[in-house]
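The block underneath contains the structure these notes are about, expressed in structure tokens.
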Amino acid sequence: MPPHLVQFLLGGQTCVVATVDEQGFPQTTVMSWVVARNPQTLAMAVDHRSRALQSIRSNGRIAVEALGDDLCYALRGAAVLEKEQMNSPPFPCALVAVKVEEVRDHGAAGVTFHGPRYSFQAGKEHRKNVEESVFAELKGPAPTV
């Protein structure tokens, strides 16, 4: 992934994640608990109840659309279950790592893309702290070298 995409994917961005189920049908879901660990690796918190996790367990094929202001990238790769049970999410999630094998820039000259956004309503601001904990767990410990 190029440096500006890695920077964009440090947490809190809406992505469309596509997997392939056991019958070969595509499944899509919207996720915001996605972070770039480095230019070759994404990490995401995936709900235990989701079809996405079932598909990842089945075959590991995955695609991610990263969408932001003036940014539209398609990523494809192999997903692996890195940790069955994360500690920080408020509901059961697995930590899935994605080895990014292909990156395609879907931007077009002369076209301004406006990415999706979300915010927390009054009284729900505490969810930001939960998200920050999830992002920290996805990023993993700081390198010791």
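Only the coordinates and a few stated rules stand behind these numbers; no lab work does. Keep in mind that what you see is a predicted model, and the values were worked out from it rather than measured. We place every Cβ from the backbone using ideal geometry, glycine too, and count neighbours over all the protein chains shown.
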Checklist outcome for this item: Between Glu22 and Asp70, Cβ-based FRET efficiency (R0 35 Å, step 0.05) works out to 0.40
Checklist entry - If amide H atoms are built 1.01 Å from N in the plane of the peptide, which residues on other chains or at least 5 residues away come under 5 Å of the amide H of Lys83? => result Leu95
Checklist entry - What is the spread of the Cα atoms of the range 31-115 along each of their three principal axes, largest first, in whole Å? => result 44, 26, 24
Next on the checklist: Out of the GluC sites (Glu not before Pro) in the range 48-145, which ones are loop residues according to DSSP with at most 11 other C-beta atoms within 10 Å?
Outcome noted: Glu84, Glu125
Checklist entry - Hey, quick one: spin label on His4, modelled 7 Å out along Cα-Cβ, who in the range 86-120 has an amide N within reach, i.e. under 17 Å? => result 103-116
Next on the checklist: If N is the number of residues in the chain, what value comes out of its Cα radius of gyration divided by 2.2 N^0.38 Å?
Outcome noted: 1.03
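Rounded to the nearest 500, what is the 222 nm mean residue ellipticity of the chain from helices alone, with -39500 (n - 2.57) per DSSP H run of 4+ residues and division by all residues? The partial results should precede the final answer.
Details: 3 runs with 28 residues, N = 145.
Calculated from helices alone, the mean residue ellipticity at 222 nm is -5500 deg cm²/dmol.
Just flag the trypsin sites (Lys or Arg not before Pro) in the range 21-94 sitting in loop per DSSP whose Cβ has no more than 16 other Cβ atoms within 10 Å. Please report the intermediate quantities before stating the final value.
Values: sites: Arg37, Arg49, Arg51, Arg57, Arg61, Arg76, Lys83; in loops: Arg49.
Listed in order of number, the matching sites are Arg49.
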Next on the checklist: I'd like the distance between the alpha-carbon centres of the range 56-71 and the range 1-51, rounded to an integer number of Å.
Outcome noted: 5 Å
Checklist entry - Taking only the alpha-carbon atoms of the range 14-80, what semi-axes of the equivalent ellipsoid follow from 5 times the gyration tensor eigenvalues under a square root, in whole Å, largest first? => result 20, 12, 11
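Under the rule that an exposed site lies in a DSSP loop and has at most 14 other Cβ atoms within 10 Å, name the longest stretch of the chain with no chymotrypsin sites (Phe, Trp or Tyr not before Pro) of that kind, not counting the sites themselves.
Numbers: sites that count: Phe113, Tyr118, Phe120.
Free of exposed loop sites, the longest segment is 1-112.
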Next on the checklist: Going Cα to Cα from Lys99, which lysines come in below 20 Å? Please leave out same-chain ones fewer than 8 positions away.
Outcome noted: Lys83, Lys139
